Structures are given as C-alpha cells and as structure tokens.
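The values are calculated or read from the model by the stated rules, or taken from the named source; none is laboratory data. In this text the structure is predicted, and so the values were computed from the model without any measurement. Note that we place each Cβ from the backbone using ideal geometry, even for glycine, and neighbour counts take in every protein chain shown.
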Amino acid sequence: MWYYKNICDVIGQDEVLRWYQTAHEIDPDVRLFINDYDIVSDGANFEGHKDDYEAFISMLIQHNAPLGGIGFQGHFEGILTTPEKVYAVIDRFSKFGLPILITEFDIELSNGHDDELYRFMHDFLTICFSHPNIDGFLNWGFWAGRHWRPNTALYDMEWNPRANGRAWKDLIYNEWWTREAGKTDQNGQVNFKGFLGDYKITFTQDGKKTERTFRLGKEGITWF
C-alpha cells in the first residue's frame, strides 16, 4: 500500500524526480504520465492507496517534475466499481489540472454473465466519457488470440464480438458517432453539433464530389 513512500525511502526523493527530468530531457515532446492500479478498480475501495498516490503526485508537482498526466489502470475482476465511485475518483484527482487516462482496461467475469459484462462496459465507458478530465481510454488488448487474459478480450478466437465488444461498438460507432447531412446556406456554410474527433466530409456541387478531413477539438476545427 505504501509503495511510493517505500521507493522514496530506499532511493531518495531526488532520484525519483531525476527519472522524470532525464526522460524529459531525452525527448521534450513526450508527455510523461504516472500510472497505477487499484485507483478505480476493485470497487475503488483502497483508500490508503489512493491517498498515497495523491500524495506522490503532489510531491512531483511541487518539485516541478514534468508530469503530463495521470493514469488509472483498469483491470477489473470480481468486485466491479459503481459509476458513481468511478466519477468521484476522477473528480478527486482532477484537482491537479492534468489529463487523466484509463489504462490497461479489461474485465474478468465468469462465463454466463454476458448481461453484466455488457452493462459494466457500457456504464464504465459512459461515466468516463462524461468527465471533461478524461483524456483517453486504453483497452489492454482486443482479440483473444493475443491477450494476456483471453476471456477478457473484446473479440473471441473466431473474431466474434463478446458482450463487452458489443458495448464498445454500440457506443463508439453508434451512440457517439456523428453522422450528419445538410445543405449549405448562401454563405457556403453548414452547421451541426458533433462529438470531438476526426471527421471526413463530402461536398457535392454540380454533380462533383469533393472530400476533406478535419478534426473537431475543444479549441475548434483543424482542417487537414
């Protein structure tokens, strides 16, 4: 539980800070994260571990370590965490003003619990998607043929989507996927409301089609 304190006791706090500084000097363009387990997983019940993680992050920031984000490992088995608890943990660590990533995500449930698997995947993705400080979501593999825990993969050995894979597709490629059609006004403009991400748009004028791509980000549109 006191993993971070033990590290600093053994090698010294200055050495830990040097890791970040050295990595940053080698490649200043790389965004450096800290990443740990049992922060949102296992019911988010390990309060001492969260306290320790929070204190360690505070130490890094106070000493101007080039910390670019915070990771929460997402290996789930047995005890699943409620959406309310997940959101509360994200809120707690949002005070640092750093982007938060869900990393190493997979779910271990026994066979025959497809409804629970679908619901948890759907609810967990939804609550993370709803929080402005979540900057990314990393599945820890997707096909059973190349996965450290094959029965947690989104696709089985024959590439059939499992319940968690169906939940992923339903959200990413349907509910959160923007499909719009419209006609430009006299100024050549068309308006729509869409999810953040990369877009392909097709214009048709006088029977001629033209395609362009752009990115809709928090700061606006960037054309490619």
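Take residue 15 and decide whether it is assigned to a helix (DSSP H, G or I), at negative phi and within 19 Å of the chain's Cα centre (by Cα). Please lay out each step first, then the result.
Working: assigned to a helix (DSSP H, G or I): yes; at negative phi: yes; within 19 Å of the chain's Cα centre (by Cα): no.
Taking the combined requirement at face value, the residue does not satisfy it.
Of all residues in the range 186-206 being β-branched (Val, Ile, Thr) and in contact with a strand residue (DSSP E or B) (Cβ under 7 Å, 6 or more places away or on another chain), which is nearest to residue 176 (Cα to Cα)?
Only one residue tops the list, namely 201.
Among the residues of the range 137-188, count how many are among the aromatic types (Phe, Trp, Tyr) and more than 20 Å from residue 76 (Cα to Cα).
The qualifying residues number 4.
Filter the range 138-160 for residues that are more than 24 Å from residue 70 (Cα to Cα) and of a type in the set (A, V, I, L, M) and give the result.
Selection gives 144, 153, 154, 157.
Six or more apart or on different chains, Cβ under 8 Å: which pairs go from a residue in the range 12-26 that's over 11 Å from residue 65 (Cα atoms) to one that's of a type outside the set (S, T, N, Q) and in a helix (DSSP H, G or I)? Could you list them?
13/59
Condition first: assigned by TED's automatic domain parsing to the domain that holds residue 53, farther than 26 Å from residue 65 by Cβ, outside any helix (DSSP H, G or I) and over 12 Å from the mean Cα position of the chain (by Cα). Can you find one or more residues in the range 94-101 that meet it?
The initial filter retains those residues of the range 94-101 that are assigned by TED's automatic domain parsing to the domain that holds residue 53, namely 94-101.
Narrowing the set further to residues that are farther than 26 Å from residue 65 by Cβ leaves none.
Within the range 94-101, none of the residues are assigned by TED's automatic domain parsing to the domain that holds residue 53, farther than 26 Å from residue 65 by Cβ, outside any helix (DSSP H, G or I) and over 12 Å from the mean Cα position of the chain (by Cα).
Please name all residue pairs, on different chains or six or more residues apart, with Cβ atoms under 7 Å, provided the first residue is in the range 74-87 and is part of a helix (DSSP H, G or I) and the second residue is of a type in the set (A, V, I, L, M).
Close Cβ pairs (under 7 Å, with a partner that is of a type in the set (A, V, I, L, M)) amount to 83/127; 85/44; 86/40; 86/44; 86/127; 87/127.
Could you give me the residue pairs with C-beta distances under 7 Å whose first residue belongs to the range 213-224 and is farther than 15 Å from residue 195 by Cβ, whose second residue is surrounded by fewer than 10 Cβ atoms within 10 Å (Cβ to Cβ) and not basic (Lys, Arg) wherever it lies, and which are 6+ apart or on separate chains?
Listed by first residue and then by second, the contacts come to 213/224.
So in the range 34-66, with the set limited to residues that are part of a helix (DSSP H, G or I) and polar (S, T, N, Q), which one is surrounded by the most Cβ atoms within 10 Å (Cβ to Cβ)?
If we filter the range 34-66 for residues that are part of a helix (DSSP H, G or I), which is where we start, we get 42-44, 47-62.
Still in the running and polar (S, T, N, Q): 58, 62.
Numbers: 58: 12, 62: 8.
Checked the range 34-66; the qualifying residue surrounded by the most Cβ atoms within 10 Å (Cβ to Cβ) is 58.
What are the residue pairs meeting all of these: first residue in the range 108-127, first residue under 24 Å from residue 177 (Cβ atoms), second residue part of a helix (DSSP H, G or I) and among the β-branched types (Val, Ile, Thr), Cβ atoms under 7 Å, and 6 or more apart or on different chains?
If the second residue must be part of a helix (DSSP H, G or I) and among the β-branched types (Val, Ile, Thr), the pairs left are 124/86; 127/86.
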